[in-house]
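The values are calculated or read from the model by the stated rules, or taken from the named source; none is laboratory data. Computed from a prediction, not measured in an experiment: that's the story for all the values here. All Cβ positions, even for glycine, are placed from backbone atoms using ideal geometry, and neighbour counts span all protein chains on display. The accessibility values were calculated without ligands, DNA or RNA, using every heavy atom of the protein model including side chains. Shrake-Rupley method; radii C 1.70, N 1.55, O 1.52, S 1.80 Å.
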Amino acid sequence: AAFALALLSLWPVRSAPAEESDSKTSRPTIVLVHGAWADASSWSKVITRLKEHGHTVVALANPLRSLSGDTAYVRTFLETLKGPIVLVGHSYGGAVITNAATGNPNVKALVYVNAFAPAEGESATSLAGPDSVLSVADPTTVFNLVPATLPPNPQTDLYLKEPTVFASFATGLSARDKALVAATQRPATIGAFNEPSGTPAWRTIPSWYLIGSKDTIIPPSAERAMAKRAGSAITDYDAGHLGLISAPKVVTQGIERAVMASSR
């Protein structure tokens, strides 16, 4: 403890000069929020392209514990950033950014990539709808539950079964990459998917939406309905649920359109 306090005493405490703040915040910081059964590395191909184009990018570790808790974590992180922000969410991450950006004047654009864009009171589960391959009578046919005790509770973790990953979640990827996704997935809780959303940021912040035409996790019809309701600028692209991995060039271009529009 004494060592830690000594380190803190050496930490430089200063107010940043105005010219330094201005020079570093003229372009937005792009913040990427991943969804369930993934981690921040799912954005790797998009990050590489964005950084090659000179953008400042950070991909957060989304806790995947509860919508309110995940939102609070992302909101707290956003408050540490100076200058404009373009906030991007994939899948369940869309529900998180919808809540985390509310009331933050620095967030200039929202980008949804095959993502949930809930209205107040809606949950991710309800928005996926009956056509999602995950909307089944017996969840144990598509998920592994941890713990396996039935009935599950809001804290029960959901892992995708490997056949679900290969046939539905990771379509468009090679067999090798599908196996990697199945082996490295991070679970989300049942409660996170079923928790009602709060006041949506898309009511006051401009948004862009990339709809994957081959998505069977969040069907294109559900994505389009959310995008239209939010007044999003829509891009249709030929990809499944993990378009950020299988079609990173298109996703990068979609994010950059939001960056350019918000920088005018």
Residues within the range 84-110 that are assigned to a strand (DSSP E or B) and closer than 16 Å to ARG65 by Cβ, tallied = 0
Among (1) closer than 23 Å to SER42 by Cα; (2) open to solvent by less than 70 Å² (accessible area, probe 1.4 Å) - the single one ASP238 does not satisfy = (2)
When the range 76-91 is examined, which residues are found to be under 13 Å from the mean Cα position of the chain (by Cα) and either among the hydroxyl-bearing types (Ser, Thr, Tyr) or over 25 Å from GLN253 (Cβ atoms) (or both)?
-> SER91
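Taking the options LEU145, LEU210, LEU150, LEU160, name whichever one is among the hydrophobic types (A, V, I, L, M, F, W, C) and modelled with pLDDT under 95.
After ruling out the rest, the residue left standing is LEU150.
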Residue check for PHE143: open to solvent by less than 50 Å² (accessible area, probe 1.4 Å), of a type in the set (Phe, Trp, Tyr) and under 17 Å from ASP157 (Cα atoms) = yes
Inspect all residues belonging to the range 100-123 and state whether any of them is surrounded by fewer than 19 Cβ atoms within 10 Å (Cβ to Cβ), hydroxyl-bearing (Ser, Thr, Tyr) and closer than 30 Å to VAL165 by Cα.
-> yes
What are the residues in the range 34-79 that are assigned to a loop (DSSP other than H, G, I, E, B), in contact (Cβ under 8 Å) with a residue 60 or more places away in the chain and out of contact with any strand residue (DSSP E or B) (no Cβ under 8 Å at 6 or more places or on another chain), if any?
-> ASP39, HIS53
